[in-house]
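Here the structure is laid out as structure tokens; the discussion comes afterwards.
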Amino acid sequence: MAERKLSKPHKQRVIKILIAASEVVPFAKTGGLADVTGALPKALRNLGHDVRVVMPLYRKIDREKYGIKDTGKRVNINIALHDHEGAVMEGVLPGSDVPVYFINNREFFDREEIYRTPQGEYWDNNERFMFFSKCIPEMIKAAGWVPDVINCNDWHTGLIPVFLKTIYANDDMLKNIATAYSIHNIAYQGCASKEMISHAGLPWEIYNMHQLEFYGGINYMKGGIVFADVINTVSNKYKEEIKTPEYSYNLDGVLRGRDKDLYGILNGIDYTVWDPATDRFLPVNYTPETIEGKTEVKKKLLEECGLKYKENVPVIGLVSRLDDQKGLDFIANIMEEMMKLNLQFVILGTGEENYHRMFHFFRDRYPEKIAANIKFDNGLAHRIYAGSDMFLMPSRFEPCGLGQLISLKYGTVPIVRETGGLADTIKHFNFKEKKGNGFTFQGYNPWDLFRAIRVAVDTFKNRAVWEKLMHNGMKENFSWDMAAVKYVELYDAAMHNKNLQNA
Ligand code: ADP
């Protein structure tokens, strides 16, 4: 299917953009969503737009370090007939002048983690993010800064377009705000019981199959998809995939219904954070011209992880949420065969406890070949991207994927399954023409993954070919500058749709 282009902006003007998200780098991160919401605003700011960010103030966020101040403004949000106060705090996105608003509420956000502990999700996540979403229109009223467009992200903020088009539809201050809804991962939708309609103070008319109703309950992401003026997801391939039952977690029909307003925009990488030439987490910096430095990082990485450095033995890195999505069961299936190959395997991840156990089990079985770091550690992640020779992403599905893009920049060759953003960015290496930037496999089975690993390990033996492959990757440019221009076009499309509706 031909790629549909967003129309060019009609006129160059400063757009007032509010990005609402549950996580933003460097304040709080569990995955790629935070990378996007931390980098996109800066790129939009560089284009001259008035962009601001809003997120919850979690306990983990260091108020002193980031100079977060109380604005003195308060919003009162009613949920389930109880009033909850949101204090509006303010800081800036480090390395920029982008204002960041934080919603502070002890009951909902003063907790050890963001969404879940290893034992499971917080039981009241639906209330927590309903509260956060309901704060946004009220915060805008209190602050007196009215955005042209709100960019909502994932299920946590799916209710914002719903509130704007129902409760605030006739509010003079808010009624012209357009909304863009970005889907970073359709597997997490925010499903709740139908009583949440009353709890939110929403009208029962929208409890129908075309709007908020979803198999007898409600679905926050469906709300975002149905009520936003435009929708996008984070790669073109994933945009097509989520319109099919195989990938959509039951939202394919809803998405097909909004096909003409659905766009795919590939994420970028923040090269001020992810660049081996300047990376402050590395013991040695390197560039394509000083690629020897990478070997030094590899030696230090192995030392840090308690493995011995062995010349000519490739290190495969994996940095990932440990979740079914990531194809980790494929790895479990082939681990014994994989361990017969001449390689070492460095894992960094946290998530489902069964995967914690799985990697500990294999580490105990192959202590000289496997390092299992079961934790979240940003610095170590940087060193794995840099110090590994290959990077593994055998995902069942992958909306965009950042790990493979980061790896390319660090001269670490990705081995990926051809799905979502992985398919859009990684091209299988062609030995004859020396083209391509990684190794890919298609099948939804472990043995295709094993074959790809074996080909990579064999190719690694030929240093000249391997260097060509590394350079192919390091030359690529997935910067946010390009992606930000597309987001501006998306916001234009949102405002255009909103104008049509209001006309
Ligand atoms: P997802 O959003 O599904 O988790 P992405 O590939 O889009 O996957 O983004 C994952 C991001 O989170 C990357 O920046 C990756 O380096 C980081 N990350 C994942 N797990 C860890 C971890 N245990 N420690 C440090 N960083 C991690």
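The values are calculated or read from the model by the stated rules, or taken from the named source; none is laboratory data. Predicted model, so just to flag it, every value in this text is computed and none were measured. All Cβ positions, glycine included, derive from the backbone under ideal geometry; neighbour counts span all protein chains shown.
Output yes when any residue across the stretch 85-105 is under 27 Å from residue 194 (Cα atoms), surrounded by fewer than 15 Cβ atoms within 10 Å (Cβ to Cβ) and of a type in the set (Asp, Glu), and no when none is.
So far as the stretch 85-105 goes, yes, one or more of its residues are under 27 Å from residue 194 (Cα atoms), surrounded by fewer than 15 Cβ atoms within 10 Å (Cβ to Cβ) and of a type in the set (Asp, Glu).
Against the condition at pLDDT 95 or above and either acidic (Asp, Glu) or in the same structural domain as residue 388 (by TED's automatic domain parsing) (or both), how does residue 495 come out, does it pass?
No; evaluated as a whole, the condition is false for this residue.
If I ask for residues that are in contact with a strand residue (DSSP E or B) (Cβ under 7 Å, 6 or more places away or on another chain) and among the aliphatic types (A, V, I, L, M), which ones from the stretch 421-471 would you list?
422, 426, 449, 452, 453, 455, 456, 469, 470
Which residue pairs have Cβ atoms closer than 6 Å, lie 6 or more positions apart in sequence or on different chains, and pair a first residue in the stretch 13-41 that is without any contact (Cβ under 8 Å) to a residue 60 or more places away in the chain with a second residue that is away from the ligand (no atom under 12 Å from the Cβ) and among the acidic types (Asp, Glu)?
From the stretch 13-41, the pairs are 14/50.
Within the set of pairs 6 or more residues apart or between chains, which connect a residue that is within 19 Å of residue 316 (Cβ to Cβ) and assigned to a helix (DSSP H, G or I) inside the stretch 412-436 to a residue that is among the β-branched types (Val, Ile, Thr) and within 13 Å of the ligand (Cβ to nearest atom) with Cβ atoms less than 8 Å apart?
Sorted first by the residue in the stretch 412-436, then by its partner, the pairs are 422/416.
Being in contact with a strand residue (DSSP E or B) (Cβ under 9 Å, 6 or more places away or on another chain) and among the acidic types (Asp, Glu) is the filter; apply it to the stretch 109-155 and report the residue that is nearest to residue 248 (Cα to Cα).
Per the criteria, the residue is 154.
Name the residue that is farthest from the ligand (Cβ to nearest atom), counting only residues in the stretch 359-392 that are among the hydroxyl-bearing types (Ser, Thr, Tyr) and buried (at least 22 other Cβ atoms within 10 Å of the Cβ).
388
Scan the stretch 335-344 and give yes if some residue there is surrounded by 17 or more Cβ atoms within 10 Å (Cβ to Cβ) and within 11 Å of the ligand (Cβ to nearest atom), otherwise no.
no
If a residue counts only when it is more than 26 Å from the chain's Cα centre (by Cα), which helices (runs of 4 or more DSSP H) contained entirely in the stretch 139-246 have at least 1 such residues?
Working: elements: 159-165, 196-200, 220-227, 236-241.
It comes to 159-165, 196-200.
So in the stretch 258-277, with the set limited to residues that are away from the ligand (no atom under 16 Å from the Cβ) and among the aliphatic types (A, V, I, L, M), which one is surrounded by the fewest Cβ atoms within 10 Å (Cβ to Cβ)?
Out of the qualifying residues, it is 277.
Residue by residue, here is whether (1) in the same structural domain as residue 488 (by TED's automatic domain parsing); (2) modelled with pLDDT under 95; (3) exposed (fewer than 14 other Cβ atoms within 10 Å of the Cβ); (4) at negative phi holds:
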| position | (1), (2), (3), (4) |
| --- | --- |
| 247 | yes, no, no, yes |
| 253 | yes, no, yes, yes |
| 256 | yes, no, yes, yes |
| 279 | no, no, no, yes |
| 283 | no, no, no, yes |
| 314 | no, no, no, yes |
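Mind checking whether some residue in the stretch 422-429 is on the phi > 0 side of the Ramachandran plot and away from the ligand (no atom under 16 Å from the Cβ)?
Within the stretch 422-429, not a single residue is on the phi > 0 side of the Ramachandran plot and away from the ligand (no atom under 16 Å from the Cβ).
When you look at residue 23, is it closer than 27 Å to residue 404 by Cβ, at pLDDT 95 or above and among the acidic types (Asp, Glu), yes or no?
Yes; evaluated as a whole, the condition is true for this residue.
Search the stretch 322-333 for residues being in a helix (DSSP H, G or I) and within 11 Å of residue 355 (Cβ to Cβ), and hand back the single one that is farthest from the ligand (Cβ to nearest atom). Explain how you work it out, then say what you get.
Residues of the stretch 322-333 that are in a helix (DSSP H, G or I), as a first pass: 324-326, 328-333.
Right, trim to within 11 Å of residue 355 (Cβ to Cβ) and you get 324, 326, 328-329, 331-332.
Working: 324: 12, 326: 7, 328: 12, 329: 16, 331: 15, 332: 18 Å.
Only one residue tops the list, namely 332.
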